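The values are calculated or read from the model by the stated rules, or taken from the named source; none is laboratory data. Note that the coordinates shown come from a computational prediction; the quantities given were computed from them, not determined experimentally. All Cβ positions, even for glycine, are placed from backbone atoms using ideal geometry, and neighbour counts span all protein chains on display.
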């Protein structure tokens, strides 16, 4: 079975979507029936994805495509060029790492899309007008066109069933994000000028649903009341986004610039170092599709204080995790929960076997096989690409020799 996994996105550094693609790639390579995984990324993503996958399996091929970085260029590539690339690679299944425009009739094989969330409806402030309207159109176009939909949590699946038509909902199944314990390996700290000071951790993109300003308010309250040492830092790891300007404004207005460290582009090993050395992991999100940082924090034995939302609750109940309701007194309630939890020792790594590679790989292969047996994609009238499309989508001449270090073939 040859799988083409498309993960072309705008961000150079790892985000939730690209980390999902890297984790899914490793999962699929645990299965003997998978003869090849072709991971397709943009040229600016190649280095970070190769590091994240960190696999020397000869069945893995990472391709980088040369396209424009604009939203239009990326969406056009998914619609116009991906079907031809999949045909050249003789894919048995094409899996999109997130919803993007899909030319259903142009694919010769079944297509699957991972649905992480319904943010265009649940938190439109993440996008603003008129972008949110475009994202809604793309979301539903992709979900209608795909043969299968893999929802990353039960809460996302339930939300889809509330919003979608029956034909779309019937194509959906819950397949969790794969999260596995990271190996214990030495790594240097990504914190500049760190001399052993305690720190709190928040792993979040700069988007409205992540509630980063609330996180900073909680931290500030603890500092002002003297409940944490004055040298304590708050470390926020995440790529920039619509909330970045507001975050910097809060830091300036509240004189917190020397106390808060903003990081992005760190390696997986450095992120694991932060999980294993932080005082507390904070996750006061308004809404989430899955909650990758909370899952990773549980596997690292972090003390965690998070919002009481369905996606986080779905991960289970643990002694080192406190759930706090979002409301008028959220800042005080979070601060109180942190104070109680800091009196407890760090917990043992949680057992999240439902997120393990063998389980997720089995569920993905079951979904793929079901689509192949049903003949999804085989009866379509596939249009032959025009000469211009062939030129844009041609990748075979660009394939280089194997990377001697890790056995990965890739496009330059």
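Suppose we filter 221, 174 for residues that are under 30 Å from residue 94 (Cβ atoms), in contact with a helix residue (DSSP H, G or I) (Cβ under 8 Å, 6 or more places away or on another chain) and modelled with pLDDT of 95 or more; which single one remains?
Numbers: 221 fails: under 30 Å from residue 94 (Cβ atoms).
Being under 30 Å from residue 94 (Cβ atoms), in contact with a helix residue (DSSP H, G or I) (Cβ under 8 Å, 6 or more places away or on another chain) and modelled with pLDDT of 95 or more holds for just one of 221, 174, which is 174.
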Pairs where the first residue, in segment 304-319, is free of Cβ contacts under 8 Å to residues at least 12 places away in the same chain and the second is outside any loop (DSSP other than H, G, I, E, B), C-beta under 8 Å, 6+ apart: 313/323
Index of the failed condition, residue 68 passing every other in (1) surrounded by 19 or more Cβ atoms within 10 Å (Cβ to Cβ); (2) without any contact (Cβ under 8 Å) to a residue 12 or more places away in the chain: (1)
Members of segment 78-131 that are surrounded by fewer than 17 Cβ atoms within 10 Å (Cβ to Cβ) and farther than 22 Å from residue 172 by Cα: 88, 90, 124, 125, 128, 129, 130, 131
Among (1) surrounded by fewer than 16 Cβ atoms within 10 Å (Cβ to Cβ); (2) under 23 Å from residue 320 (Cβ atoms) - the single one residue 248 does not satisfy: (2)
Total residues in segment 69-102, condition more than 22 Å from the chain's Cα centre (by Cα) and part of a loop (DSSP other than H, G, I, E, B): 4
Residue match in segment 30-40 (condition: out of contact with any helix residue (DSSP H, G or I) (no Cβ under 6 Å at 6 or more places or on another chain), buried (at least 23 other Cβ atoms within 10 Å of the Cβ) and farther than 21 Å from residue 362 by Cα): yes
Residue within segment 332-346 that is buried (at least 21 other Cβ atoms within 10 Å of the Cβ), over 21 Å from residue 112 (Cα atoms), in the same structural domain as residue 203 (by TED's automatic domain parsing) and within 21 Å of the chain's Cα centre (by Cα) present: no
Residue check, residue 318 surrounded by fewer than 20 Cβ atoms within 10 Å (Cβ to Cβ), assigned by TED's automatic domain parsing to the domain that holds residue 237 and either in a loop (DSSP other than H, G, I, E, B) or touching a helix residue (DSSP H, G or I) at 6+ places or on another chain (Cβ under 6 Å) (or both): yes
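On the basis of being under 16 Å from residue 18 (Cα atoms), modelled with pLDDT of 95 or more and in contact with a strand residue (DSSP E or B) (Cβ under 8 Å, 6 or more places away or on another chain), does residue 91 make the cut? Step through it out loud before you land on a result.
On the way: under 16 Å from residue 18 (Cα atoms): no; modelled with pLDDT of 95 or more: yes; in contact with a strand residue (DSSP E or B) (Cβ under 8 Å, 6 or more places away or on another chain): yes.
No, not satisfied.
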Residue match in segment 201-213 (condition: in a loop (DSSP other than H, G, I, E, B), at pLDDT below 95 and in contact with a helix residue (DSSP H, G or I) (Cβ under 6 Å, 6 or more places away or on another chain)): no
Among residues of segment 140-174, those that are crowded, with 22+ Cβ neighbours inside 10 Å, closer than 23 Å to residue 109 by Cα and out of contact with any strand residue (DSSP E or B) (no Cβ under 9 Å at 6 or more places or on another chain), counted: 0
